[in-house]
Amino acid sequence: MSYNTFGREFRFTTWGESHGPALGATVDGTPPGVPVDEAFIQQFLDRRRPGTSKHTTQRREADQVRILSGVFEGKTTGTPIQLMIENTDQRSKDYGEIATSFRPGHADITYHLKYGIRDYRGGGRSSARETAARVAAGGVAQAVLAHLLPDLRITGYMVQMGALHLDRSRFDPRAIPDNPFFLPDAASVDEWSDYLDGIRKDQNSVGAAIEVLIEGCPPGLGAPVYAKLDTDLAAAMMSINAVKGVEIGEGMAAAALTGTANADEIRIGNDGPMFLSNHAGGILGGISTGQDIVVRFSVKPTSSITTPRQTINQHGAEIDLITKGRHDPCVGIRAVPVAEAMAACVILDHLLMDRAQTGGVRGEIG
């Protein structure tokens with residue numbers, strides 16, 4: 001098996017390559033009667049697409065999505081939804097010189113060792129271009145969530161780029177859609193822009209950290225042991241290209257806390273249980289608490305840089321390689337809408353699983 005499918009009840013299978021004629025996703029498990037159209041899905045793709053600022057790859061793709069099945073008269077039919085996005089700005093010639101060479105930091109060498117064949121044109125399936133299909137599938141998930149959980153909100157944003165960190169005392173979610181970094185601090189945008197310009201001019205790249213905040217998630221999503229909500233969220237984020245670490249709540253910082261500091265104490269509020277803190281990131285025992293869910297992940301620096309790097313080729317010769325082409329100096333920027341899409345798919349999947357098992361019944365307190 002090649003494992004191109006994600007999810008249980010709400011599932012999507014992505015297909016296509018970076019330099020093929022098209023890519024897309026087949027989405028299954030969507031309830032019938034949910035309003036959705038191409039324009040709704042397109043808004044999410046527009047946030048991810050390349051060439052939207054000088055800080056991302058200058059590959060020009062419209063990323064126009066087409067719905068080929070599963071939607072009739074503007075509503076889902078409950079049958080598989082086929083989504084297609086055509087590739088229109090491939091430059092395969094940019095990769096001719098690396099057809100038999102292994103780019104350091106890329107999946108070239110592992111694909112070759114595993115399959116004995118690889119698509120060297122932009123990395124084929126290993127390219128971040130594949131994430132356009134995920135965002136399209138996530139758009140469908142967002143439509144269903146808006147129908148079933150209208151108070152749910154999923155917001156991604158950058159909290160670090162290289163040596164720069166978000167000053168949380170200036171956190172302003174209104175700033176996120178108005179700058180190319182998805183940065184919730186309008187006053188720092190120029191500093192971040194100048195910093196990345198310097199990285200790019202040095203023919204280098206830089207890593208980043210992204211946070212996803214899920215507000216309005218009801219308690220009870222997730223199942224013990226092998227279907228924990230945090231397990232699936234972590235797997236979803238880890239499956240995004242270039243992601244090397246995932247945290248829930250305090251994450252790795254919890255190792256420095258004591259039990260008294262880390263425990264989220266509980267009182268009774270007007271609407272039921274009230275947590276006095278959220279070190280757990282909204283998930284306990286793999287099940288959502290009803291608090292905000294906080295997921296954070298790190299993205300490594302873009303491996304494609306024009307500074308020579310030592311490597312080998314398929315003949316075993318040691319060479320120095322410069323990776324030509326159009327690449328993101330910080331690939332973490334465009335990971336933000338991808339992370340939101342993956343979070344939406346996981347939350348919807350678990351919502352449908354919970355309804356199938358419990359019917360939405362909850363234990364009573366008080």
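If we keep just the residues of segment 228-248 that are exposed (fewer than 15 other Cβ atoms within 10 Å of the Cβ) and hydrophobic (A, V, I, L, M, F, W, C), which is farthest from VAL299 (Cα to Cα)?
Result: ALA235.
Given segment 252-307, what strands (runs of 3 or more DSSP E) lie entirely inside it while holding 1 or more residues that are touching a residue at least 40 places away in the same chain (Cβ under 8 Å) and within 29 Å of the chain's Cα centre (by Cα)?
293-299
Checking the structure you have, find out if any residue of segment 345-354 is open to solvent by 20 Å² or more (accessible area, probe 1.4 Å), in contact with an Asp or Glu (Cβ under 9 Å, 6 or more places away or on another chain) and either more than 21 Å from MET161 (Cα to Cα) or without any contact (Cβ under 8 Å) to a residue 60 or more places away in the chain (or both).
So far as segment 345-354 goes, yes, one or more of its residues are open to solvent by 20 Å² or more (accessible area, probe 1.4 Å), in contact with an Asp or Glu (Cβ under 9 Å, 6 or more places away or on another chain) and either more than 21 Å from MET161 (Cα to Cα) or without any contact (Cβ under 8 Å) to a residue 60 or more places away in the chain (or both).
Which residue out of SER2, SER18, SER53 is at pLDDT below 95 and within 30 Å of ASP354 (Cβ to Cβ)?
SER2
Considering only segment 56-67, I want to know if a residue exists there that is buried (at least 18 other Cβ atoms within 10 Å of the Cβ), at pLDDT 85 or above and assigned to a loop (DSSP other than H, G, I, E, B).
Yes: segment 56-67 contains one or more residues that are buried (at least 18 other Cβ atoms within 10 Å of the Cβ), at pLDDT 85 or above and assigned to a loop (DSSP other than H, G, I, E, B).
Just to confirm my filter: which helices (runs of 4 or more DSSP H) fall fully inside segment 106-202 and include at least 1 residues that are open to solvent by 10 Å² or more (accessible area, probe 1.4 Å), in contact with a Lys or Arg (Cβ under 6 Å, 6 or more places away or on another chain) and in contact (Cβ under 8 Å) with a residue 24 or more places away in the chain?
Of the helices (runs of 4 or more DSSP H) lying wholly inside segment 106-202, those with at least 1 residues that are open to solvent by 10 Å² or more (accessible area, probe 1.4 Å), in contact with a Lys or Arg (Cβ under 6 Å, 6 or more places away or on another chain) and in contact (Cβ under 8 Å) with a residue 24 or more places away in the chain span 108-115.
The values are calculated or read from the model by the stated rules, or taken from the named source; none is laboratory data. Just so you know, these numbers come straight off a predicted model, no measurement behind them. A quick note on method: Cβ atoms are made from the backbone with ideal geometry, for glycine too, and the neighbour counts reach across all protein chains shown. The accessibility values were calculated without ligands, DNA or RNA, using every heavy atom of the protein model including side chains. Shrake-Rupley method; radii C 1.70, N 1.55, O 1.52, S 1.80 Å.
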